[in-house]
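Before I ask anything, here is the structure I am working with.
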Amino acid sequence: MEWALLTPLLILLMLIVVQFAMVFHARHVALAAAQSGARVARTSPVGGGWEGAAAAKAASDARAIGPELLDGLDVRTGEAGDERWVEVSGTAVSVIPFMKFHVSQRSQGPIECFRPDIGDGTACERGAGP
């Protein structure tokens, strides 16, 4: 077998494996950052102001866990009823030229609320009774 023909194919195969690993790792970093931001969002009191804290936590964790792994890091937050979500997205670092891999992960959960076991308790949700 002629190595001059086989070597470029083996190098391409190695680059594809490394690229797959980079995208897979970027997805895990985005998910970990989204979960961290969602924890902040879910434990913040009902009302405004939680969006900035959750987005800042998600962005800082993404930079700490995988520095320079996600280009164009974008963090979005939202609320739907009694749930809050954080979405982290960006472009994974590319090893193969001219290829871009978009990564997006979302974490959501119910807003946490403490209700004491005395009296009528407290209403945590907007407009909810005890």
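Restricting the search to the stretch 85-114, which residues are within 9 Å of the chain's Cα centre (by Cα) and free of Cβ contacts under 8 Å to residues at least 60 places away in the same chain?
Val86, Glu87, Val88, Ser89
Could you list, in sequence order, the residues of the stretch 45-55 that are touching a residue at least 12 places away in the same chain (Cβ under 8 Å) and out of contact with any Ser or Thr (no Cβ under 9 Å at 6 or more places or on another chain)?
Answer for the stretch 45-55, where residues must be touching a residue at least 12 places away in the same chain (Cβ under 8 Å) and out of contact with any Ser or Thr (no Cβ under 9 Å at 6 or more places or on another chain): just Val46.
When the residues of the stretch 1-10 are narrowed to those that are surrounded by 10 or more Cβ atoms within 10 Å (Cβ to Cβ) and among the aliphatic types (A, V, I, L, M), which ends up farthest from Cys113 (Cα to Cα)?
Ranking the candidates gives Leu6 first.
Still on this structure, please answer the following. Do any residues in the stretch 6-35 that are at negative phi have Cβ atoms under 6 Å from those of residues that are part of a helix (DSSP H, G or I) and of a type in the set (Val, Ile, Thr), where the two are at least six apart or on different chains, and which pairs are they?
Taking only residues 6 or more apart or on different chains, the pairs are Val29/Ile65; Ala32/Ile65.
Of the residues Val29, Val95, Val88, Val46, only one is within 30 Å of Glu112 (Cα to Cα), in a loop (DSSP other than H, G, I, E, B) and of a type in the set (A, V, I, L, M, F, W, C); which?
None of the others qualify; the one that does is Val46.
Here's the yes/no breakdown for (1) of a type in the set (Phe, Trp, Tyr); (2) over 21 Å from Phe98 (Cβ atoms); (3) at pLDDT below 95:
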site: Met1; (1), (2), (3): no, yes, yes
site: Ala4; (1), (2), (3): no, yes, yes
site: Pro8; (1), (2), (3): no, no, yes
site: Ile11; (1), (2), (3): no, no, yes
site: Val17; (1), (2), (3): no, no, no
site: Phe24; (1), (2), (3): yes, no, no
site: Ala30; (1), (2), (3): no, yes, no
site: Ala33; (1), (2), (3): no, yes, no
site: Ala41; (1), (2), (3): no, yes, yes
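Right, something else. Taking into account only those residues within the stretch 59-76 that are part of a strand (DSSP E or B) and buried (at least 21 other Cβ atoms within 10 Å of the Cβ), which is nearest to the chain's Cα centre (by Cα)?
My answer is Val75.
Given the structure, is Arg39 surrounded by fewer than 19 Cβ atoms within 10 Å (Cβ to Cβ), assigned to a helix (DSSP H, G or I) and either among the basic types (Lys, Arg) or at positive phi (or both)?
Yes; evaluated as a whole, the condition is true for this residue.
The values are calculated or read from the model by the stated rules, or taken from the named source; none is laboratory data. Note that the structure is a prediction, hence the values are computed from the model and not measured. We place every Cβ from the backbone using ideal geometry, glycine too, and count neighbours over all the protein chains shown.
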